[in-house]
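The values are calculated or read from the model by the stated rules, or taken from the named source; none is laboratory data. The shown structure was predicted, so the numbers you read here are calculated from the model rather than taken from an experiment. Positions of Cβ are generated from backbone atoms using ideal geometry, with glycine treated the same way; all protein chains shown enter the neighbour counts. Accessible surface areas use protein heavy atoms only, side chains included; no ligands, DNA or RNA. Shrake-Rupley method; radii C 1.70, N 1.55, O 1.52, S 1.80 Å.
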Amino acid sequence: FRAKHQEDPKLRDEMIAMLAKIHNLKLPIRKRKNLLFEDIGKMITHAYEHSPINEICKEANYVNLLARDLRDEWKLVERIIEKTNAPTVLCHCDFRGSNILVTEQGLICIDLEYSMYGSRAYDISTILHEWGKTEVFDRDMGKIPKKETIMEFLKVYIENCELLNPGYA
């Protein structure tokens, strides 16, 4: 599911509807709020404790990373997420173009090995991070979707959530 598919309103809306359905699933697996975010925090702490982060940032001239401590930044992100009081939903946790197959019968979501309960914002931000990119490994962080694209995505997502479970969105 790449840029050419994202430009097709029918396929785009089908992909967004599929995400809303995933987020509405109820599975009998461990349900801990923000487990993924806890793990990311642990990874950041581990990196600072076991890697020369500041030296790497100096060598790569990552001025913004040198000016901040990612551990503090991550704690701020966690507090913001907690304040939103967002629902804990089933997340794919790797909802990206490479894991959405385009077939003649429609879209198929694959690679659910990282699925867990968490914030639906994780899946939404993952797919939007890739929006408009043509290469699988395009990691250009400067390319973000236009505000109109994000608003349309969220509008279709909310509409689909409301169809599945009124009041859920």
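Some observations on this one:
- The set of residues from the stretch 53-86 being under 23 Å from residue 127 (Cβ atoms) and either among the β-branched types (Val, Ile, Thr) or open to solvent by less than 50 Å² (accessible area, probe 1.4 Å) (or both) comprises 74, 77, 80, 81, 84, 86.
- Between 60, 20, 67, the distinction of being small (Gly, Ala, Ser), at pLDDT 90 or above and under 23 Å from residue 169 (Cβ atoms) belongs to 20 only.
- Taking the criterion of being of a type outside the set (S, T, N, Q) and either surrounded by 18 or more Cβ atoms within 10 Å (Cβ to Cβ) or at pLDDT below 90 (or both), the residues of the stretch 110-127 that qualify are 114, 116, 117, 118, 120, 121, 122, 123, 124, 127.
- Subset of the stretch 12-41 (residues that are of a type in the set (A, V, I, L, M, F, W, C), part of a helix (DSSP H, G or I) and over 19 Å from residue 161 (Cβ atoms)): 35, 36, 37, 40
- On the stretch given as the stretch 5-52, residues that are open to solvent by 50 Å² or more (accessible area, probe 1.4 Å), basic (Lys, Arg) and in contact (Cβ under 8 Å) with a residue 12 or more places away in the chain total 6.
- Among the residues of the stretch 95-109, the ones that are under 14 Å from residue 124 (Cβ atoms), open to solvent by 30 Å² or more (accessible area, probe 1.4 Å) and modelled with pLDDT of 95 or more come to 0 in all.
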